[in-house]
Every structure is written in structure tokens, then in C-alpha cells.
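The values are calculated or read from the model by the stated rules, or taken from the named source; none is laboratory data. Given the structure is predicted, the values throughout are model-derived calculations rather than measurements. Note that each Cβ is placed from the backbone with ideal geometry, even for glycine, and that neighbours are counted across all protein chains shown. The accessibility values were calculated without ligands, DNA or RNA, using every heavy atom of the protein model including side chains. Shrake-Rupley method; radii C 1.70, N 1.55, O 1.52, S 1.80 Å.
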Amino acid sequence: MAHCVLVRSTHAHADLHRVDTARAAAAPGVIAVLTGADMAADGIGPMRPLWAIRCSDGQPMAEPGRFALARARVRHVGEAVAAVVADTYAQAVDAAELVAIDYGPLPVVIDSRAALAPQAPLLHDSAPGNICFRWSRGDEVATRHAFAEAAHVARIELVNNRLIGAALEPRAALAVADAADEKLTLHVATQIPHHVRRLVAEQLGVPEASVRVIAPDVGGGFGYKGKHYPEETIVAFAARRLRRPVKWVATRSECFLADNQGRDHITRAELALDADGQFLALHVDTMANLGAHLSTFGAAIPSAIYSALLAGVYRTTAIFVECTGVFTNTLPTDAYRGAGRPEACYVLERLADQAARELNIDRAELRRRNLVPAAAMPYKTPIGPTYDCGDFPKIFARVLHLADYAGFAARRAAAAGAGRLRGIGLACYVESSGVAPSRFATALGARAGFFEAAHVRVQPDGGVQAMLGTHNHGQGHATTFAQIISSRLGVRLDRIEVIEGDTDQVPFGTGTFGSRSIAVGGSALERATAKIIDKGKRIAAHLMEAAASDIAFDQGWFAVAGTDRRVHLREVARAAYVPANFPLETLEPGLQETAVYDPPAFAFSNGAHACELEIDPDTGGIRLLGYWAVDDIGTVINPMIVEGQIHGGLAQGLGQAMREHCVYDPANGQLLSASFLDYGIPRADDLPDIVSECDESQPCTHNPLGAKGCGEAGTIGAPAAIVSAVLDALRPVGVTDIAMPLTAERIWRAIRAAKAT
Ligand code: MCN
């Protein structure tokens, strides 16, 4: 196996005048030094995104070419320019130092507002004004009309801070081309094996079936490993060309410069209310920083996904959302930690708090007045989606009770007596889990389906293997999917094997992101087990010489109704593979079934979170005192896994709210927060005790499990709840706005500035 080390751009924006590989190529152990020119000469195509939206004027979005190794120009620090392949990793590292790149530096822009300014440096000729798309959704006329009639308008401008991925293990890719060059096996740390197979095959110009993607344990990801990355194509290209297995593993520092990032919205939003505080209309205008290149789903997140949730849990009559996707000299952004949903929740909840303050209505009361009641379900939002079920008022009342919202005033007074600022924060959210109905996605520009496939194979000895197109990277799928099979087929958990992450073993798949595994993958699995039972009934009928319609199945036994005759699934399985006397025209041997499930709608998880904290006014330090999360994720399959998922999501949300700050130098585009010394991820002792409850009274009505996704719930509600609490605590000192992350320094400065005015 050969080792690949990438030479990455040290400039955020520059023409590549010359990439001189001669000295590197002559270094000890070097097998090849490959560049964008080599890939171009071999006809390697561009990396295409899987979602291309249409602008509001009907034009397609700008889709500038992106290549795995840069051609002619680099557009962000860290963009791969050359690949050094050597016998050992150390040799590749040494030789990479010898690649001489003659850069012609160009002016840089890192901020989306600056990138839209008339004289801004232009990243792509095919994207005039650095605009990828201008997009809108909703009823503009009705919204403007409602604003004109409103008794009060609350306005806000906010930034949703950019986040950097921090999985336990960095990304990695290893490509092995067989001697006949007929099959390429790509071991890759990805959440979307089938999409990677398709996209790599397209660039190489080879049949999809000639590429096998294997992605077993990938070391976590939370979304950012759910995209196609240049390194996957680079090792595939190198392995085919050099006829050697080629491996690349990111160093931790490289992760900061090569992994997609998340968020980075600048949003202006306004909420129109009547004199009683009823929400009449919402107008949201967002500039979404897409980075230097379009990532796989990069265009969809701030448009289709984000906008779909801007009704939230509230009954707002008219909504109009505008979004401009902007290119800048930064790492590409794409789905990460909730993607689109935390941003929508943050806009709505900040507005709700602001409106409550301006109207002098209690924050909980204002929300209560506007929550969609359970009786209104199914509820068609004015922005598109129809919520099938949910009891938002009940969930909200429960979190207020758990957090003792009514008793807060006394606690605040006691803290004030001791010189501390105490606040309580609230946030309600709706999440479009179960991403995504293919119908919805393709109508809005997706170039892929979003169904899921499951294959269930009952072995001759009665054990079960299940192959799914979802991908486990910390969510406990092997446990929960086995539970589904066990509860349906009556097979012991230790006789069930769940296989994911191998395109040659799994019939097809979309992968795991958007909290889709249980709602979509689990539903496909449920359907496959139902087919197994149907087939089993026919075999059992044959064995017991009865009619299939007379066979009932329960807990592993097939019984002839009204008799004591029965056979176990084990015997049915054995007979399936030893098909003595089978009526072969009507009954096929074997016991394995495939099912595909494409959801008719999203599964709308929802919840309400509350957070209580104290701030030391002398230091700006926050002490989180309590966090309460009540989530409706429909039917819960495994409470312990769900609780872990919610805790993990909350940690991620807390990270965004309080610690994580991705900073680029506006002068030169260098990433200043490019290590964990500078980029603060949350630590265990940052987290308060979490009280988490799931309300199972509203199972999803349109999938067979009744389940809604849970993996991103915590990360959606937490930033809004924490910022709400901090602003509540700071209210007595006159601070009315603050930007994430809420570091002690920021809070201290805000207090000082408020005191000075
Ligand atoms: N579950 C359940 N009952 C429900 C809902 C879910 O028992 N009503 C279980 C599921 O069976 C599954 C787990 O909870 O075992 C999460 O299921 P689901 O909400 O469907 O979410 P996904 O598996 O699709 O993952 C969602 C989300 C995403 S998109 C990423 S990426 C992610 C994640 O959650 N990355 C993670 N959780 C992570 N957890 C860890 N430790 N590491 C990551 O990288």
C-alpha cells in the first residue's frame, strides 16, 4: 500500500502559475506526484453537487466547476493542489515539502455581506457578484400586506456562527484497484457510501457497479462526513493509475482545512404581530455563506431545508423567506449538526423573545398564544410542509413545569441579592426528520432519491442478517434495528446481525443524515420483515398443508388458525433452504426479502427546551444550572439510545452557543481558529445535569413505526434556549442583543458597553 499526502494551498485565493513537482517526484520512495493537470489529462470530471436549486427568477443556480485537485486557481486555504504518493507516509510527508507552487495571490473575501458588495473580489466567472443563487419561498404579497396592517413589528439581525466539525476520528480514504482494473474498492470514512460510489464513478467515467464503497466504523461525523470529498476521488484516481492501493488519512490539523464547515448565516428577520401578540407574518432574509465551492448538499441546506421550518411551532399566517447563497474564500459549508433546522429555530425563537420584550408580554405567554394547537393537526404551514401530528402546547407546558418557570422570579431575585445575574431561556422547535420524501427533494432540485432500502435474510438456521442503506456512526443502529427485527420476527437479539456501509452488500441506500435512519431506514426494515412474515406464512402453509390465509404469525411461531398445529420460524427457514416438495411455480426457495421505503412526508419531530443559568457580572462567566428538554420523537424504539442522542445533540448545541468560533482573517483568508487550541469544543464539565423526557403520545402517522428522528433534536433547540437565557439574565443591565458564541469575554464586554451607554 502506498501513502498519499496532499499539498494544500497556503493562499485563500490565488492563480496557480506553476506547480513544480520535479523535486518531489525525485525524492526517496516517491511513486508519483499528481496534480489537477494529470487529472484533467485523464479526463477526470468535476465534482457535482447532488442538489441544484432554481433561483426565484426560474434560472438555475450558478454551478462553477469544482475539481478534486485544483486546476488553475485555488479559492480557499487548504484546497488540495497536489497529491504525493510514496512508499511510506514519512516519505510522502517529506516529498510534499518539495512541491514548489508559484502562486499569483488574488484579493480575498470571506464574509458573505462583503462578497455581495459591488467591488468584491470575484471567485468564479460563472457566478457574477459571487452569487450562487437568489431564492425565495412563501407568499410575498400576503406577507407584505400583513406587515402593513400589523400593530407591532419586531426586527432582528443575527449571525448564525460558522462551525467546524470535530469527530473523534479524522476522515480517511483508501482505494484498491484490482489487477484487471475492473473493480475499485474504496474504503472511506463516509456517512453516504452509495452517493460516494455514484459521484466517484461519475468523475472517473466508470460504471457505478465497478466501484465498491466500504464504510464501516468511521469515528463519528454528525453530518460533515455525509458529503463527497475531493480526497475520495484523488485516492481512487491514484490507485487506478499507479496500480497500488493508495491511502490518505487526514491529520487533525488537516481536518480544519479540508472538512466542510456548517452554518454561517447573516439574517435579517421581522415578525408582524397584532395588538394581542398574535403572529401575523414573518419575513426572513438570509445571506448564506456557501464557501468557495458548492458541496454535495450545500445549496439545499439554507434554501429548501432551512425555509421549510420557518413556521416552527407557531401559527403564523403569512411567511416569506429569501435566501442568497454566496461564494467566499472559505471552506465549503454543508449539512452539519442539524443543518438548516437549528438556524430556523434560532431565528424564530430570538424573534419571539424580542417581540415579547417589546410588547411587555411574558415570553412563555406570547409563545402559548401562538402555538399550533393539537386540534389543528394535520396543520398546513404557509411555507409548505404539512405537520401530520404534534401537541406543541402540551410539550411546552411540560417543559415549563419541569423547569419551574413559575418559580423563576424568586430564584432570580435571590441570585440578584448575591450579585449574580440569573436568566431562564426557552426554545421551541420543529424538525424535519426522516430526510426526505424524494418527491419533495426532487421538486426542489435534488439529483438523488432519498428513499431507503433494507434487505432481510433469514439464514437456514433461523439467524437473521439485515442489510441497510443507512449508516451508523455512533447512533446505535445495530441495537435499535435488531430490536425492530426481534420484535417483529421473534428472533433473539444475539441471532441478528445488522450490516451497513458496504455498497456491495447492501441493495441500495441513501445514507445517514437528517435524522432519517429510524423514520426511513427503520420503516424499510419494518416492511422487509413484513414481507418475510408473508413468505414464511406461505412456506408454513406448505409444511402444514394448510392455506396461507389461515396462518397466523406471532413471536416466531406460524400457527394454523383455530388448531394447535404450528411451526417455528427456524423450521420454516430450514425448509426454505431445503425445499423438499416445494410447489416451485408458486413458492420460491429461500427466505430473504428486500423493501424500499420512500417517506410520503417528513417526520416532524418537535420539542421545547428550557435552560437556566447565572452570569457573574464581573467576569462574564456563565454557570449553567439546569437544562430541560421535552421532545416528541414519536414512538421511541430504544429509550437509552435516544437519551444519549439527545444529550450528545445538546452538547453540540451548547458548543455553538457558548464556545465554538470559526474565525477567518478578513485580510488574507487564513483560518485563525485552525486547531483545538483556538477552536473551543464543549467539554463534559461544561454541561449541566440534563433532564430529558420524550412524549410518545403523538406517533408519526405516516410511517409504520410511528417514529420520528431524534439525533439532531438537542442541537436544534439548545443554541436558542441558551442565548434566550443569557439575554434574560442580562436584561437588568440593559443588554438586548448578543452574538454566539457567548464566551465570558463577549458577555463581559456587552455588560461594560451597556453600562457605558
Ligand atoms: N431512535 C429510537 N427511537 C426514535 C428515534 C430514534 O430508538 N423514535 C434511535 C434510532 O434507532 C437510532 C438513534 O436513535 O439508533 C438515532 O436515530 P435517528 O434519529 O433516526 O437518527 P440517525 O441515526 O439518522 O442519525 C441522526 C443524527 C445525525 S443526522 C447524525 S449525522 C449523527 C447523529 O444523529 N451523528 C452522530 N448522532 C450521532 N451520534 C454520535 N455518537 N456520533 C455521530 O457522529
(message) Run the helix sum for the chain: -39,500 (n - 2.57) per DSSP H stretch of 4+ residues, divided by residue count, reported at 222 nm to the nearest 500 deg cm²/dmol.
(response) -8500 deg cm²/dmol
(message) Can you bin every Cα-Cα distance in segment 275-365 into 5 Å intervals starting at zero and give me the percent of pairs per bin, rounded to whole numbers?
(response) 3, 13, 22, 21, 15, 11, 8, 5, 2, 0
(request) Would you work out the charge dipole size for segment 579-639 about its Cα centre, treating the Cβ of every Lys and Arg as +1 and the Cβ of every Asp and Glu as -1, and quote it to the nearest 20 debye? (result) 80
(request) Return the carbon/sulfur percentage of the accessible area of segment 469-530, one whole number, probe 1.4 Å, all protein chains in place. (result) 48
(request) Rounded to whole Hz and in sequence order, give me ³J(HN,Hα) for segment 582-599 from the Karplus expression 6.51 cos²θ - 1.76 cosθ + 1.60, θ = phi - 60°, writing x for Gly and Pro. (result) 4, x, 4, 5, 10, 9, 7, x, x, 9, 8, 9, 10, 9, 10, 10, 10, x
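If you take the Cα atoms of the chain, find Rg, then find the Kirkwood Rh from the mean of 1/r over all pairs, what is Rg/Rh?
Reported Rg/Rh (Cα atoms, Kirkwood Rh): 1.00.
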(message) Can you tell me, using C-alpha contacts under 8 Å and at least 6 residues apart, the relative contact order of the chain as a whole percent?
(response) 15
(request) Please report, largest first and rounded to whole Å, the three semi-axes of the ellipsoid equivalent to segment 705-757, where each semi-axis is the square root of five times an eigenvalue of the C-alpha gyration tensor. (result) 33, 10, 6
(message) Tell me the Kirkwood radius of segment 186-293: reciprocal of the mean inverse pair distance over distinct alpha-carbon atoms, in Å.
(response) 17.1
(request) In nm, give the distance between the simple-model label positions of GLU358 and ARG243, each being 7 Å from the Cα along the Cα-to-Cβ direction. (result) 7.1
(message) Let's see if you can work this out: charge +1 on each Lys and Arg Cβ, -1 on each Asp and Glu Cβ, no other charges. What is the dipole magnitude of the chain about its Cα centre, in debye to the nearest 20?
(response) 300
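With +1 on the Cβ of every Lys and Arg and -1 on the Cβ of every Asp and Glu, and nothing else charged, how large is the dipole of segment 322-432 about its Cα centre, in debye rounded to the nearest 20?
500
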(message) Based on Cα coordinates alone, diagonalise the gyration tensor for segment 202-358, multiply each eigenvalue by 5, take square roots, and list the semi-axes in whole Å, largest first.
(response) 41, 14, 14
(request) Apply 1/(1 + (r/R0)^6) to the Cβ-Cβ distance of ALA561 and SER126, taking R0 = 56 Å, and write down the FRET efficiency to the nearest 0.05. (result) 0.25
(request) Can you tell me how much longer the chain between ALA179 and ALA413 gets when fully stretched, taken as 0.36 nm per residue apart minus their C-alpha distance, in nm with one decimal? (result) 76.7 nm
(request) Specify the inter-centroid distance of segment 243-271 and segment 64-123, based on alpha-carbon positions, in whole Å. (result) 14
(request) Work the Kirkwood hydrodynamic radius out for segment 1-130: mean of 1/r over every pair of different alpha-carbon atoms, inverted, in Å. (result) 16.3
(request) At a temperature of 37 °C and a viscosity of 0.692 mPa s, determine how fast segment 390-441 diffuses translationally according to Stokes-Einstein, using the Kirkwood radius over alpha-carbon pairs as Rh; express D in µm²/s, rounded to the nearest whole number. (result) 234
(request) Give me the distance in nm between label points sitting 7 Å out from Cα along the Cα-to-Cβ direction at ASP404 and ARG369, one decimal. (result) 2.9
(request) For LEU106, list long-range residues whose amide hydrogen, built 1.01 Å from N in the peptide plane, is under 5 Å from its own amide hydrogen. (result) HIS13, ALA14, ASP15
(message) If you take every DSSP beta bridge fully contained in segment 166-254, what fraction is antiparallel? Give it as a percent rounded to 5.
(response) 70
(request) May I ask which residue of GLY562, ALA25, THR190 lies farthest towards the positive end of the charge dipole of the chain, with charges of +1 (Lys, Arg) and -1 (Asp, Glu) on Cβ and the Cα centre as origin? (result) ALA25
(request) Express the accessible area of the chain per residue in Å², computed with a 1.4 Å probe while the remaining protein chains stay in the model. (result) 36
(request) Mind giving me the nanometre distance, one decimal, between the label points for ALA744 and ILE499, set 7 Å out from Cα along Cα→Cβ? (result) 5.3
(request) Find, to one decimal place in angstroms, the Kirkwood hydrodynamic radius of segment 571-690, where the mean of 1/r is taken over every pair of different Cα atoms and then inverted. (result) 20.1
(request) Name the helices (complete DSSP H segments) of the chain with a Cα length along the long axis of 24 Å or more and a Kyte-Doolittle mean of at least 0.5, or state none. (result) 713-730
(message) Kirkwood Rh over alpha-carbon pairs of segment 71-128, then Stokes-Einstein at 37 °C and 0.692 mPa s: what D in µm² s⁻¹, rounded to an integer?
(response) 231
(request) Calculate the all-directions average of the projected area of segment 485-562's alpha-carbon convex hull, and give it in nm². (result) 6.5
(request) Please work out the Cα convex hull volume for segment 116-257 and give it in Å³ per residue. (result) 207
(request) Normalise the Debye intensity by I(0) for segment 161-220, one equal point scatterer per Cα, no solvent, then take log10 at q = 0.20, 0.21 Å⁻¹ and round to two decimals. (result) -0.75, -0.81
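Once you have a ≥ b ≥ c as the square roots of the Cα gyration tensor eigenvalues for segment 416-505, tell me rounded if a/c is under 1.5, and otherwise prolate or oblate according to whether a/b is larger than b/c.
Cα axes put segment 416-505 in the oblate bin.
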(request) Take the solvent-accessible surface of the protein heavy atoms, probe 1.4 Å, and return the percent of it on segment 320-451 that carbon and sulfur atoms account for. (result) 56
(message) Counting only Cα atoms, I'd like the Rg/Rh figure for segment 296-427, Kirkwood definition for Rh.
(response) 1.05
(message) What three numbers, in Å, describe the spread of the alpha carbons of segment 514-604 along their principal axes, ordered from the longest?
(response) 47, 28, 20
